[in-house]
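This report concerns only the one structure given below.
The values are calculated or read from the model by the stated rules, or taken from the named source; none is laboratory data. None of these values were measured; they are calculated from a predicted model. Glycine also receives a Cβ, built like all others from the backbone with ideal geometry; neighbour counts cover every protein chain displayed. Accessible surface is based on the protein model in full, side chains and every heavy atom, while ligands, DNA and RNA are left aside. Shrake-Rupley method; radii C 1.70, N 1.55, O 1.52, S 1.80 Å.
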Amino acid sequence: MLIAIVTISALALGFGLLLGYAAIRFRVEGDPIVDKIETLLPQTQCGQCGYPGCHPYAEAIANGEAEINRCPPGGETTMLALAELLGKDPIPLDDEAAAQKPKAVAVIDEQECIGCTLCIQACPVDAILGAAKQMHTVIASECTGCELCMPPCPVECIHMQPLPEDITHWKWPLPSEPEQERPTADATLATG
Amino acid sequence: MHYPSPSNSHHKLYRFHGGLHLPDNKTQSNGRPARAAALPKRLILPLQQHIGEPAHPTVAVGDRVLKGDVIARAQGLISVPIHAPSSGTVIEIGEHPVPHPSGLPAHCIVIETDGLDQWGELPEPIMDFSTRDPATLRQRIRDAGIVGLGGAAFPTSVKLDPRQPVHTLIINGAECEPCITCDDMLMRERAEQVVAGIAILRHLTGAKSCLIGIEDNKPEAVTEMTRAVASSGQEGMEVISIPTLYPSGGEKQLIRVLTGEEVPSSSIPASIGIVCNNVGTAAAVADAVLQGRPLISRYVTVTGEGVGEPCNLEALIGTPVVELIEQTGGYSGRISRLIMGGPMMGFTLHDDSSPIVKASNCLLAASAAESPDPGPALPCIRCGQCASVCPVRLLPQQLYWYARAKDLEKAQEYNLFDCIECGCCSHVCPSHIPLVQYYRSAKNEIWAQEQEKRKAEQARKRHEARLARLARKEAEKQARLKKKKAVLAKKPAGKAKTGAPDPKQAAIEAAMKRAAEKKARLAAEGATPRNTRQLTEAQQRQIDQADARRQAAGKAEAHTEKPVAEEQE
């Protein structure tokens, strides 16, 4: 009896120590689920989700504070990918209209720009070049189309230009499938 | 005249999975000898005629160019230059309709020809290629703008640098797609040139064995090529007649037929020591090395019931399609669809002002009978015919479901990217489902998503860099403020020893002290302030009154105002 108690206690102590050591030795820095969520987000840093950037939104999702349907630039694809990753049920997008917007980049009307640098401060990815009282311009290849530069502009010289469809970006469309009258199970049973 | 018979009696041939026996419809266009197409008024040269980076224009509007001049240079490794196919003037660099399934325009250089067809300066021919460094020859092939003329238009110089030992060079003369006869006519009419090109390709790849595969529905081409190989005296080069079966002209299928080897999934033939090139490419290589001529023309089949007299034309790259149609009897009125390429893999040409590009092998003006409308697609009945004809042994049905459901990950698991888009599955589908279009759409979607991911990663990095920069700036600002505060806090600490909390106050006190000392010194010397001598009575009265006031005030504050008290002494 005593031997059994001693043995079990020794084992418990041993495993306890082992687990304690493992917790320190294999400690995971940061939250891996946040990183996983972040890689699925489009990184436009637009804040349309209500969080100041993609990383804060990823954190909010991971903490269960935010729904997975609040990313308009990512659209349905991102929502489905998040649902898949987190094992949640897909839900309709929060802002359906915003998700339908075509991809666009900001363009500064250089005739009207007064060089106030407000848009430069607003751009989350440093895609606007310029200096005080100098004309500003957008680096189109780096612009994520987040529209954050538009509201601060005092002369409203920034507008969004939809990306033109060209050969390099063209995709074969899925064949169109006309809505067909498909026999339902009942109809099949009735006729058969 | 007796030609040596094709020597494949002893060569064992293999069979790939599936495939289709199709009516070949080749006799319509291969009955007449190929002829040179007339010089068009305008040549339209798209900057992207190949896989890889588009070429960059080196000419400006208004420049005069000579035949063979470089008008756009290659950008990056996987790219080739573009040459002027005839002499004339550059009249436009801009958007123009091009042969592409999207029907969208693309950047082109437009040359107005002057009718002189005057050659520019060409590089020296390299006749002794067998003693030359392969790198020199590859550079020549690249400079000549040569791409695979079988259809994929991949830069040949890159393909000829496989970076692994190559034991077999396979020359593709199968031309398995119905209606197309341009390779057939090229082999019949220019067998010597093709064989000379093959010899160069062989030298470049270092391949011991060289197999030229030609489908047995082209007996004249087989005969001509056999004769040319025999007269060239090349050892280990063999012309092999293979059974006609679509798509035996697919690179991996031809390799399977000739060698029995299978190229592993998602890798290139070089990984098993094989390089495969088209006969047209071989002829272009011969031109480039032995004559110094760039790739500016090619054989094009113009056929179908929609044109008057189907035949092959040697057309300059950039010739508008409509001009070639005119030279082959014009539209016959029975055309229902103009196709670039063959009936299986070609695509509808939306605008016949589009030019011929390096990869254009055929123009098919198909009548309604030749290209019947399959009608609306019906639901899949899971008959499995698509799987039985697939030359790559894929499961077209599974791919179809996944592509349709946009489950791209699953589609890739089912080896979507091994699909060669030959069209066998769509052809046999009893429900007329356009299967290949589903696969193309899924492939495009996957590429687009990968590109999006790369862009997102870039944006994330830039955003993080920005946040780091802002944090650094804020930290620097804080540090500066702290330093300032520290300096302020330090100064009073230093003055605390002298007992003066404020430097201003200290200065005042020091001045008062000096004044008091002076006064004391003067008093000790017995001197009185000069300004109190020889006073008038009125002045003396004023002073007395002031003294009296001061005294009265001094009494009240005597306990606080020490200096005043001192003065009173």
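Summary table below
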| quantity | calculated |
| --- | --- |
| Net charge of neighbours whose Cβ lies under 9 Å from the Cβ of A:GLU59, counting Lys and Arg as +1 and Asp and Glu as -1 | -3 |
| Electrostatic dipole magnitude of region B:294-377 [Cβ: Lys, Arg +1; Asp, Glu -1; Cα centre; debye, to 20] | 220 debye |
| Which of B:PHE129, B:LEU378, B:TYR299, positive extreme of dipole for the protein assembly as shown (C-beta unit charges) | B:PHE129 |
| Heavy-atom surface of region B:249-364, accessible at 1.4 Å and reported per residue (Å²) | 28 Å² |
| Crossing angle, helix B:435-495 versus chain B [Cα axis fit, 0-90 degrees, rounded to tens] | 10 degrees |
| J(HN,Hα) series, region B:94-102, from Karplus relation 6.51 cos²θ - 1.76 cosθ + 1.60, nearest Hz, glycine and proline x | x, 6, 8, x, 10, x, 7, x, 6 |
| Separation of alpha-carbon centers, region B:272-340 and region B:171-250, rounded to whole Å | 18 Å |
| Solvent-accessible area buried by A and B, counting both chains, probe 1.4 angstrom, square angstrom | 2900 Å² |
| Members of region A:155-171 that become less accessible by 50 Å² or more once partner protein chains are added (1.4 angstrom probe, chain alone as reference) | A:ILE167, A:TRP170, A:LYS171 |
| Amide H within-cut-off set for B:HIS350, under 5 Å, with H built and near neighbours excluded | B:HIS100 |
| Distance between region A:1-77 and region B:126-141 - C-alpha centres, whole angstrom | 60 Å |
| Amide hydrogen neighbours beyond the local backbone of B:CYS390, cut-off 5 Å, H modeled | B:GLY19 |
| For A:LEU174, residues with placed amide H under 5 Å, excluding near neighbours | none |
| Most mobile listed residue (A:ALA60, A:ALA132, A:ALA140) in chain A, GNM with C-alpha springs under 10 Å | A:ALA132 |
| Derived scalar couplings ³J(HN,Hα) [region B:188-195; Karplus, 6.51 cos²θ - 1.76 cosθ + 1.60; whole Hz; x for Gly, Pro] | 5, 9, 10, 4, 4, 5, 4, 5 |
| Local electrostatic count, B:GLU464, Cβ distance below 12 Å [Lys/Arg +1, Asp/Glu -1] | +2 |
| Calculated from backbone phi, Karplus (6.51, -1.76, 1.60) coupling profile of region A:141-146 in Hz, x at Gly/Pro | 6, 9, 5, 9, x, 7 |
| Lys/Arg +1, Asp/Glu -1 at C-beta; the protein assembly as shown dipole; positive extreme among B:CYS424, B:VAL487, B:LEU169 | B:VAL487 |
| Portion, in percent, of the accessible area of chain B that falls on carbon or sulfur, probe 1.4 Å | 53 percent |
| Debye, to nearest 20: dipole size of chain B, +1 on Lys, Arg Cβ, -1 on Asp, Glu Cβ | 4720 debye |
| Within region B:1-139: Cβ-based charge dipole about Cα centre, in debye rounded to nearest 20 (Lys, Arg +1; Asp, Glu -1) | 720 debye |
| Of A:PRO154, A:PRO175, A:PRO90, the one that fluctuates the most in a GNM where chain A has Cα springs shorter than 10 Å | A:PRO175 |
| Three-way shape call for region B:391-434 based on the alpha-carbon gyration tensor, with the a/c threshold at 1.5 | oblate |
| Environment charge at B:GLY213 (Cβ cut-off 12 Å; Lys +1, Arg +1, Asp -1, Glu -1) | -4 |
